[in-house]
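Working notes for the structure below.
Just so it is clear, none of the values below were taken in a lab; they were calculated from the coordinates. Keep in mind that what you see is a predicted model, and the values were worked out from it rather than measured. Cβ sites come from the backbone with ideal geometry, for glycine too, and all protein chains shown count toward neighbours.
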Amino acid sequence: MKTRQLGRSDVTVPVIIAGAWAIGGGYWGARHDASAIAALRRGLDVGMNAIDTAPIYGLGHSERLVGQAIAGRRDDAVILTKVGLRWDCDDGELFFEGKHDDGSPMKVYRNARPDSVRLEVERSLERLGVDVIDVVQVHWPDPTTPIADTMGALATLREEGKIRAIGVSNYDVEMLKRAQSSLGDVPLASDQPKYSLLAREAEVDVLPHCAAAEVGVVVYSPLEQGLLTGKVTAERVFADDDGRRHRATFQPRNRAVVNAVLKNVVTPVAADCGATLAQVVLAWTVAQRGVTAALAGVRGAEQVDENAGAGDLALPGDAWAAIDAAFTGLSLDLDDGATKK
Ligand SMILES: NC(=O)c1ccc[n+]([C@@H]2O[C@H](COP(=O)([O-])OP(=O)(O)OC[C@H]3O[C@@H](n4cnc5c(N)ncnc54)[C@H](OP(=O)(O)O)[C@@H]3O)[C@@H](O)[C@H]2O)c1
């Protein structure tokens, strides 16, 4: 598996990183802990040895599973987690409302206040069972807290040796600049934006800025939650508790539009290089300018094997433009009735 340095930090990551959101349950429905742990361990074996998690994923459950998976193999793993979303106190700005497993209401707040950042990092260290976390990222901007205050707290934790590198997620360019200037000589290691063949907004300014400023970029949802693997056929039914059941991109017309492009344009490329659709999509993603790595959510060892296989895949020369053109011309119906190009 190809590896790359994360910005100017001393952290190196494989180009395909294991995403640990789905294994926490919640939006993704039922949890399967044994296969989740087996998947993450398989990742350590095949070079997909960086794992992206967050306290909010399963309200601590994802981090605990990651801790179990890396137990006894800490030196083999690169751990990325996050701070800034709290479900257990109501400081900050309300982000969304949901439900706990027992059905009781839950409110999640954006909270990147210094005291909260420290508390979250202490809790993550405990759940993960480690002495130091490789990368801690601010999950979403918190408009109630100056970025300089959040960065100050993270820089102190770094000085104390509790974290190795500082990242952010879902930040725009102005926020990225403010974060770096607050950190002074300490590098802002990474940003984590959404980016896929169906969601290319980051190309406008976030990816060019990060490339120029030497900030690493680890992109999320590169497979569009499975839609870009070709395995979401018209017949596939998501369980009642799987959030994709109601997501606009998975509605029948959108599945048909996406699957037609996968069949007509991506399948011939995949056949040509002996790869699967998911592998071609991931290889395309990590080859884009400014992208350091892609976070591919995995729930089982077979998905790890497949996605890790994209890490060394070279696409034929004429494939890039064909894939680019096919997806650029797509129009999907979104939730709000708008059309996404
Ligand atoms: N910073 C943020 O705000 C943010 C937001 C979202 C995600 N993330 C991070 O990014 C990671 C990835 O994003 P994501 O989970 O939204 O989406 P994703 O990686 O695009 O899709 C993951 C899902 O696709 C399916 N899948 C994966 N590999 C497959 C394969 N080879 N063949 C068929 N299906 C496959 C699995 O679903 P099935 O259950 O159908 O198998 C899996 O759960 C997350 O785990 C999380 O770490 C961060």
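For the reader, a short list of remarks on this structure follows.
- Cα centroid separation - region 1-70 against region 117-188, whole Å: 19 Å
- D by Stokes-Einstein for region 204-329, Kirkwood Rh over Cα pairs, 10 °C, 1.306 mPa s: 102 µm²/s.
- In the chain, a dipole from Cβ-located charges (positive for Lys and Arg, negative for Asp and Glu) runs towards its positive end, and of 217, 251, 204 it is 251 whose Cα lies farthest in that direction.
- Here each label is just a point 7 Å from Cα along the line to Cβ, and for residue 264 and residue 205 those points are 3.5 nm apart.
- The sum of -39500 (n - 2.57) across all DSSP H runs of n ≥ 4, divided by the residue count of the chain, sets its helix-only mean residue ellipticity at 222 nm to -10000 deg cm²/dmol.
- Inter-site label distance for residue 102 and residue 89 at 7 Å from Cα along Cβ, in nm: 2.2 nm
- Estimated vicinal HN-Hα couplings, Hz - region 203-213 in sequence order (Karplus 6.51, -1.76, 1.60; Gly, Pro = x): 5, 5, 9, 5, 5, x, 4, 5, 4, 5, 8
- Less than 5 angstrom separates the built amide H of residue 4 from those of 13, 15, all sequence-distant by 5 or more or on a different chain.
- Gyration tensor verdict on the chain (Cα atoms; rounded if a/c is under 1.5, prolate if a/b is larger than b/c, oblate otherwise): rounded
- For residue 214 and residue 76, a Förster radius of 35 Å and the Cβ-Cβ distance give a FRET efficiency of 0.85, rounded to the nearest 0.05.
- Angle in degrees between helix 33-46 and the longest Cα principal axis of the chain, rounded to the nearest 10: 80 degrees
- Two-decimal Rg/Rh across region 108-150, once Rg and the Kirkwood Rh are taken from alpha-carbon atoms: 0.99
- Crossing angle, helix 173-183 versus the chain [Cα axis fit, 0-90 degrees, rounded to tens]: 30 degrees
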